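The values are calculated or read from the model by the stated rules, or taken from the named source; none is laboratory data. Note that the coordinates shown come from a computational prediction; the quantities given were computed from them, not determined experimentally. Ideal geometry is used to build each Cβ from the backbone, glycine not excepted, and the neighbour counts take in all protein chains shown.
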């Protein structure tokens, strides 16, 4: 009996006979996976269920939060209240795009509903589809006390690096209210606003860094001072405003002046499909 450990990436068995190189190919049952290039050796036979993804993608381009036990499905893990033997919350899987019942988790449901609402808009569909379909970056959304993006972007010696994983902390229960009019921002707009920052950074990192540079922040005597910096103004006008115009939301003419954080008057609701 061989003492060589046969398993590796995603817990699957190595198939070194495929190309003669140790640890380069893994047998997922339905397909062989080439770890050297991060791609399958064949199309996903269930690709028709995921028309927005490449038939050669792996777990919807989210290997941190999902696994593929057999090369056929996308499984997304989320925590439940039940504890494991170590006293930690157990993680269970939801198969994306399947007929499985959506987990009874308020945050998951409201986030799905928010993304569906954003994705239904034609005015920003090209940008939203890019974020959903890109195979170069993963957008990770976590529950947060507030909604804010963490942009994975850096510049060292003139070389700009855009990190693969971009993060948004999202609170679907809160939004902004315009003090002067009493009008509420659409409950999903905060999420799109932060996703807009991520799109700006990914699509044109050099311009994003320039707009967010400390030396380019608006000063008090500048007519655009209410925007804080050029990125906030750019993101509002280029990403938020088109969606607000299409969905009937308030049009901001400043960043946060004149706004207060409030409980959403019409919280986003998940509709079972």
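Considering the conditions (1) on the phi < 0 side of the Ramachandran plot; (2) at pLDDT below 85; (3) surrounded by fewer than 22 Cβ atoms within 10 Å (Cβ to Cβ), residue 166 is excluded by exactly one of them, (3). Listed by first and then second residue, the pairs with beta-carbon distance under 8 Å, at least 6 apart or on different chains, first residue in region 169-195 and outside the structural domain of residue 108 (by TED's automatic domain parsing) and within 18 Å of residue 131 (Cβ to Cβ), second at pLDDT 85 or above and not in a loop (DSSP other than H, G, I, E, B), form an empty list.
Kindly provide the set of residues from region 196-217 that are free of Cβ contacts under 8 Å to residues at least 24 places away in the same chain and in contact with a helix residue (DSSP H, G or I) (Cβ under 7 Å, 6 or more places away or on another chain), ordered by number. Give the derivation first.
Of the residues in region 196-217, the ones free of Cβ contacts under 8 Å to residues at least 24 places away in the same chain are 204, 207, 210-217.
Selection gives 210, 211, 212, 216.
Of the residues that make up region 229-247, is at least one without any contact (Cβ under 8 Å) to a residue 12 or more places away in the chain, more than 30 Å from residue 108 (Cβ to Cβ) and outside any helix (DSSP H, G or I)? Before you say what the answer is, go through the steps one by one.
Filtering region 229-247 for residues without any contact (Cβ under 8 Å) to a residue 12 or more places away in the chain gives 237, 241.
In the following step, the residues that additionally are more than 30 Å from residue 108 (Cβ to Cβ) were identified as 237.
Keeping just the survivors that are outside any helix (DSSP H, G or I) gives none.
No, region 229-247 contains no residue that is without any contact (Cβ under 8 Å) to a residue 12 or more places away in the chain, more than 30 Å from residue 108 (Cβ to Cβ) and outside any helix (DSSP H, G or I).
Candidates in region 145-163 are the residues that are loosely packed, with under 14 Cβ neighbours inside 10 Å and in contact (Cβ under 8 Å) with a residue 12 or more places away in the chain; of these, the one that is nearest to residue 239 (Cα to Cα) is 146. Of everything in region 159-181 that's assigned to a loop (DSSP other than H, G, I, E, B) and closer than 21 Å to residue 199 by Cα, which residue is nearest to the chain's Cα centre (by Cα)? Among those residues, the one meeting the criterion is 164.
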